[in-house]
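The values are calculated or read from the model by the stated rules, or taken from the named source; none is laboratory data. What you are looking at is a predicted structure, and each value in this text was computed from that prediction instead of being measured. Quick reminder, even Gly has a Cβ in these numbers, built from the backbone with ideal geometry, and neighbours come from all protein chains shown.
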């Protein structure tokens, strides 16, 4: 029995880990995880990598080492095609930075295939965005953002010695969690850098514009919680621009549909998600307008019993007609459900169960300034707003539960101890 999982994000890695422990350890199946990167980093942390408050070199997990410890195989590569008749997936050749082939095109056989490819930021075809704005879809993009930020702050500190009005402008399109959290993290970085030798920096020099096409930021959260986050950002000095749609991006500026120019030293696009275009209708599987694979309630592809899709790349409709939202908690729940359904499918004597999404609420972390959110679903009898220290503890616990799924309670405890030690011996920010 060959089980191939394509995509090593939260859902894919958790599923490979659980199947490896259950089936790989006992040689009941060969589990193979495929990802184009060598390491895994929880995607909700990428804005912290970009701002420097998290060092990806410390927190990233090696796929190969994790595969060895949890009895599955890892193959580095990008999905090129799927042959559902032959039950094979083909991986594109792996090239190095100079374009020289490292690994040739490879073909893997599967009996069960799980697509867990995640999503990328949706630019909605807006002219100039791909060429001029930063995206935060992968660690490499966050690292490039961080490198530019450090260089720009060095330039600003030098300019501040000669110019009283020197400022640094950042324009972020997208008032979802990424845009909101990044706005707060950049303020934290700007303030902290003064302690590390950039004495010329002053808080008023940082000018952030958060641009949202809708009527309010954080549209996925209850209005009262989004309002609290809005107020926190305003107090930090963030210019929150709602009902503002961007029509074009150019070098150093966004242009809105109303003709307003938003000039910035750093342009960031964090609005919407989609599955990369080259996966649309791959292998004849049905996809929607943002290229997600349509799945049945069992999370099997609409046209194939032996192909599953989980996480952001799956278009799963709930009983009320709403789509399961692209969140980390969705990927975690889907991975657990598909794990159980695969065991049922292999056993052959149990009916596969339908997936039911449970909304446990949402939390938004505004760096060291505040955390706001709501708890709901089966955690409370309704919806409860939380903020401050309690909300911060709950926010951190989301990442800890991901670590528990990967490492177990004991090793996660060691990770927590290591993080506590690093807070004492390491700088507050990544400075390189």
Residues located in the stretch 257-272, provided they are surrounded by fewer than 18 Cβ atoms within 10 Å (Cβ to Cβ) and either closer than 27 Å to residue 50 by Cα or not assigned by TED's automatic domain parsing to the domain that holds residue 178 (or both): 261, 263, 265, 272
Restricting the stretch 62-75 to residues that are surrounded by fewer than 17 Cβ atoms within 10 Å (Cβ to Cβ) and in contact with a strand residue (DSSP E or B) (Cβ under 7 Å, 6 or more places away or on another chain), the residue that is nearest to residue 178 (Cα to Cα): 62
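Here is a yes/no grid of residues against (1) at pLDDT 90 or above; (2) part of a helix (DSSP H, G or I):
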{"residue": "136", "(1), (2)": "yes, no"}
{"residue": "147", "(1), (2)": "yes, yes"}
{"residue": "150", "(1), (2)": "yes, yes"}
{"residue": "153", "(1), (2)": "yes, yes"}
{"residue": "157", "(1), (2)": "yes, yes"}
{"residue": "165", "(1), (2)": "no, no"}
{"residue": "170", "(1), (2)": "yes, no"}
{"residue": "186", "(1), (2)": "yes, yes"}
{"residue": "194", "(1), (2)": "no, yes"}
Options 169, 155; residue that is touching a strand residue (DSSP E or B) at 6+ places or on another chain (Cβ under 9 Å), over 30 Å from residue 306 (Cβ atoms) and free of Cβ contacts under 8 Å to residues at least 12 places away in the same chain: 155
Residue within the stretch 76-98 that is without any contact (Cβ under 8 Å) to a residue 12 or more places away in the chain and under 30 Å from residue 186 (Cβ atoms) present: yes
Residue in the stretch 211-234 that is touching a strand residue (DSSP E or B) at 6+ places or on another chain (Cβ under 9 Å) and closer than 19 Å to residue 251 by Cβ present: yes
Residues that are surrounded by fewer than 19 Cβ atoms within 10 Å (Cβ to Cβ) and closer than 19 Å to residue 5 by Cα, drawn from the stretch 305-325: 305, 306
Subset of the stretch 99-120 [free of Cβ contacts under 8 Å to residues at least 40 places away in the same chain and farther than 22 Å from residue 277 by Cβ]: 99, 100, 101, 102, 103, 104, 106, 107
Matching residues in the stretch 217-229 - criterion: being surrounded by 16 or more Cβ atoms within 10 Å (Cβ to Cβ) and under 22 Å from the mean Cα position of the chain (by Cα): 217, 218, 221, 222, 225, 226, 229
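Conditions (1) outside any helix (DSSP H, G or I); (2) out of contact with any strand residue (DSSP E or B) (no Cβ under 8 Å at 6 or more places or on another chain); (3) surrounded by fewer than 19 Cβ atoms within 10 Å (Cβ to Cβ); (4) modelled with pLDDT under 90, marked per residue:
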site: 336; (1), (2), (3), (4): no, yes, yes, no
site: 341; (1), (2), (3), (4): no, no, no, no
site: 344; (1), (2), (3), (4): no, yes, yes, no
site: 349; (1), (2), (3), (4): yes, yes, yes, yes
site: 358; (1), (2), (3), (4): yes, yes, yes, yes
site: 362; (1), (2), (3), (4): yes, no, no, yes
site: 365; (1), (2), (3), (4): yes, no, no, yes
site: 372; (1), (2), (3), (4): yes, no, no, yes
site: 379; (1), (2), (3), (4): yes, no, yes, yes
Flag for residue 243 being at pLDDT 95 or above, surrounded by fewer than 16 Cβ atoms within 10 Å (Cβ to Cβ) and closer than 26 Å to residue 146 by Cβ: no
Residue 46, sole failed condition from (1) in a helix (DSSP H, G or I); (2) over 18 Å from the mean Cα position of the chain (by Cα); (3) crowded, with 19+ Cβ neighbours inside 10 Å: (2)
Given (1) within 20 Å of residue 254 (Cα to Cα); (2) crowded, with 22+ Cβ neighbours inside 10 Å, index of the condition residue 181 fails: (1)
Count of residues meeting criterion [assigned to a helix (DSSP H, G or I) and closer than 20 Å to residue 39 by Cβ] in the stretch 417-432: 3
Criterion: more than 20 Å from the chain's Cα centre (by Cα), at pLDDT below 90 and more than 29 Å from residue 313 (Cβ to Cβ) - qualifying residue of 263, 204: 204
